[in-house]
Each structure stands twice: as structure tokens, then as C-alpha cells.
1. Under 10 Å, Cα contacts only: if you run a Gaussian network model on the chain, which one of MET49, MET128, MET234 comes out with the highest mean-square fluctuation?
2. To test your reading of the geometry: what angle, between 0 and 90 degrees and rounded to tens, separates the Cα axis of helix 353-362 from the longest principal axis of the chain?
3. With θ set to phi - 60°, apply the Karplus curve 6.51 cos²θ - 1.76 cosθ + 1.60 along the range 101-115 and write out the HN-Hα couplings as whole Hz, x wherever there is a Gly or Pro.
4. Let's test this: bin the Cα-Cα distances of the chain at 20 Å from zero up to the farthest pair and state each bin's percent.
5. Under 17 Å from a point placed 7 Å out from the Cα of HIS66 along the Cα-to-Cβ direction: which residues of the range 281-295 have their backbone N that close?
6. Highest GNM mean-square fluctuation, the chain, Cα pairs closer than 10 Å: which of VAL297, VAL393, VAL135?
7. Could I have the simple spin-label model distance between ARG23 and HIS354, label points 7 Å from Cα toward Cβ, reported in nm to one decimal?
8. Specify the residue with the greatest mean-square fluctuation among THR214, THR98, THR396, computed from a Gaussian network of the chain linking alpha-carbon atoms under 10 Å apart.
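Since every read-out is calculated from the coordinates, none of them should be taken as a lab result. Predicted model only: the values in this text are computed from it and were never measured. In this analysis, Cβ positions are derived from the backbone assuming ideal geometry, glycine residues included, and neighbour counts consider all displayed protein chains.
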Amino acid sequence: MSQQDVEDLDVERIRTDFPILEREVDGKQVVYLDNAATTHTPEPVVEAMSDYYRRYNANVHRGIHHLSQEASVAYEDAHDRVAEFVGASGGREEMVFTKNTTESENLIAYSWGLSELGPGDEVVLTEMEHHASLVTWQQIAKRTGADVKYVRVDETGRLDMDHARECITDDTAMVSVVHVSNTLGTVNPVSELADIAHDHDAYIFVDGAQAVPTRPVDVEKIDADFYAFSGHKMVGPTGIGCLYGKADILEALEPYHYGGGMIRKVTFEDSTWGDVPWKFEPGTPPIAEAVGLHAAVDYLEEIGMERVRDREETLTEYAYDRLAAEDDVEIYGPEPGPERGGLVSFNLEGVHAHDLTSILNDHAVAIRAGDHCTQPLHDKLGVAASARASFYVYNTREEIDALVEALEDARTLFA
Ligand code: C6P
């Protein structure tokens, strides 16, 4: 993608698809820089969901009436569309819909972990894992007697790959790694980690919650065994998440939850399971949300994921440089470039991140403060909390200026 293509991105036009960006609070237009928590939803996605409710709302897989058939086709097609979006050539057979990334992690940890892990086995995580992965594997390891190891994060905010090679051994059964850190912004070398894991016959689970929304992702090029992400972070609705798994692995796994819609045959004595992905999707699934996610993928592809990534890089570099120019700001994570995603976590000297965020809120600037569900990483950084600004394709440099200018108020108040 040339610089010209990036500059050509019509941000003003894109912004018109997101009426929420016009929202005012106390007479000030909201500056939304909390996109790593959740992104806004464009009109075509809202429209697609509303069209579903208006014209073909019905339960799926269960009815032979017309509306149910339409809803079923839309629900099933959404699996193929999302699979295609992340390069999964097996289509729906490799794409399970869940509630969110967290549930995707739990699905594999329970379904695979509980039956396959035992004493002597090791699960390798990294120090920058989100609690969705860290807590889940930690608890499954406790139940099964497996050990957990953490690959070190170095002082630049990158993974220490020498340490990764030491941690991943023939005892490793699962490597679970975040693709883009939601705190440091680091883009991890997941494909290299997949090679190392596979050299030791271990599986690799990639947490793509911050990656799929912000860059082109090809699960087959990465050679991930499992790959998880959430609809609400990629201009889609809340309530739907995705789990990619290689077809043969998913086929061999036991279901995680049981109930209707996932079975082949049930007797008073026993039950057998339907095909993937349905055997992992019992009960009434998120139908409207799947329709919305399909529309979200269409929307992002129309912009082009290379452009989305390049826009993120441009905004991040701008925000990083502006914040780094302030003597009293400490920034976490790598310098801008291909190894940093679209967010900047930082602290302003002498001001707690929560206070800072509250002062920014008075300026209608929305950022996040806290540990961002990475408490052990914050312990390692030696801070209880950080402030985090995160950008998306509709953000502008002027919005970043508003953030940096509002810092002055915090200094005055806490001086
Ligand atoms: N992070 C944030 O950083 P859910 O909530 O299940 O859709 O996604 C969980 C999750 C998993 N992995 C990573 C890397 C994430 O960033 C997140 C969600 C949000 O603000 C909420 S803590």
C-alpha cells in the first residue's frame, strides 16, 4: 500500500457512517479513544441487524418454515464469510461462533485442556497475556496438574524470543499467546511461535482480539491451531465471538456445552454430536449478531484491512510522538512501527491513571484507565494502573491533540 493510498482514505466520509461520533456530552463533542475496549458500529451493520429483526427474525436450524430457513442460511453463511475474512479455507467447518474471545478461550481450555492435560504437561503463556487467556489456562492447569510457564517480556515491551525457545519444550502441550497486546500494543511474532510450538508437537492458541480488527490476519499463514476474536472490537455487535480451529482438531474435540441444536441422536442412555461448528453451538445462537458480524466484515473489507492497519500505524505514531514529547509522560511498549498496534498506554507523573481519565472525561475525551485485564503485566511494569488511548480507522489527529492538550488540566489540578 502506497503512502498515497493511505492519505486517500476518506476519514471524514467514514465518520458519517458512525453517528455516535457526533455525540455531545455537556456541550462537547465526544472524542472516542477507547477502541481497544470496543469499537463503534457503522450504519450498515446496524441496518443489517435491524433488517433481520424487521424481515426474517426466526430461530435457526429448527424450522422448515420460510423465515426460519432464511435466518438459518444467513446464520450459516456468516460463518463462511468470517472464516474467509481470516483466511480459513475450511469455511464454517473451521469457524465456531461463541459469545466473545473469552468464551473461545474457555471452550478450548475446557474441551481440550481438561481431557488432554495432566501432571508433567506444560502450558506456555506470555507475561503480556490478557486475563481471558491467563486466568483460564492457569485454572485449567490447576485442575489437571499441568504447569504454566510465562515467556518474558523484555524492557522494550517485546517478547524475549530466546526465552520463548527455552520455555517451549517437548513437555509443552499448549502455547497460548496474544497476537497484539491490549496494553503494550506489541505485535507478537505468532507465526514464529507457531513453528516453535509445532517443532515440539504442541498446539498454539492465538488470542487475536486486538489483531483481527486492526490488520490483515491469515490464520493459515500463521499456522495457528486455534485463533480467537470478538465481533464488538471490529465494528460488529457485542454478544458474538469467533473461534477458528483446524478442521481435524475441532472434529476430534468433545463439546464444551451441551443442549439442543448440537446433537445428531439422543436416547435416554446417550447422545451423539452434530457436525462442527454446530456441536460447539448449543441452544439458540446469536443470530442477529451473526448477521451484524457478516456486515461488519463486509464493511472492513470494503475499506481494506491494509488501509485499516496503515491508518492505525499513522495515528499511533502521531500519538506516541506527541506523548513522548512530554517530559512527565511514561509510555509502555515498543516504539511505533510494524511491531506496535494502534494503542498507547501511558502514565502522567504524579497523577493516578483513574484521576487522569476522569479529568479527560471532563473534556469529553474517552480513554481507559486501569490494568486492562493484564494485572501481572502491570505488576511487572511496577505500576498499579495505566491510562490507555486506542485508535480506530475513524479517529483523527485533532482528536489526539485534544487528548494531549487536556493533560495540562491534570497537571494544574495535581500540581
Ligand atoms: N480487552 C480491553 O482491552 P472479550 O471481552 O471476551 O470480547 O475480549 C477479551 C480480550 C481478550 N484478549 C485481548 C487481547 C483483549 O484485549 C480482550 C478484551 C478489552 O479494553 C477489555 S479488558
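1. So, out of MET49, MET128, MET234, the one fluctuating most is MET49.
2. 80 degrees
3. Listing the rounded values in order: 4, 4, 5, 4, 4, 5, 4, 6, 4, 6, 5, 7, x, 5, 8 Hz.
4. Whole-percent P(r) values from 0 Å outward: 26, 55, 18, 0.
5. Residues passing the 17 Å test: none.
6. In this elastic network of the chain, the residue with the biggest mean-square fluctuation among VAL297, VAL393, VAL135 is VAL135.
7. 2.2 nm
8. THR396
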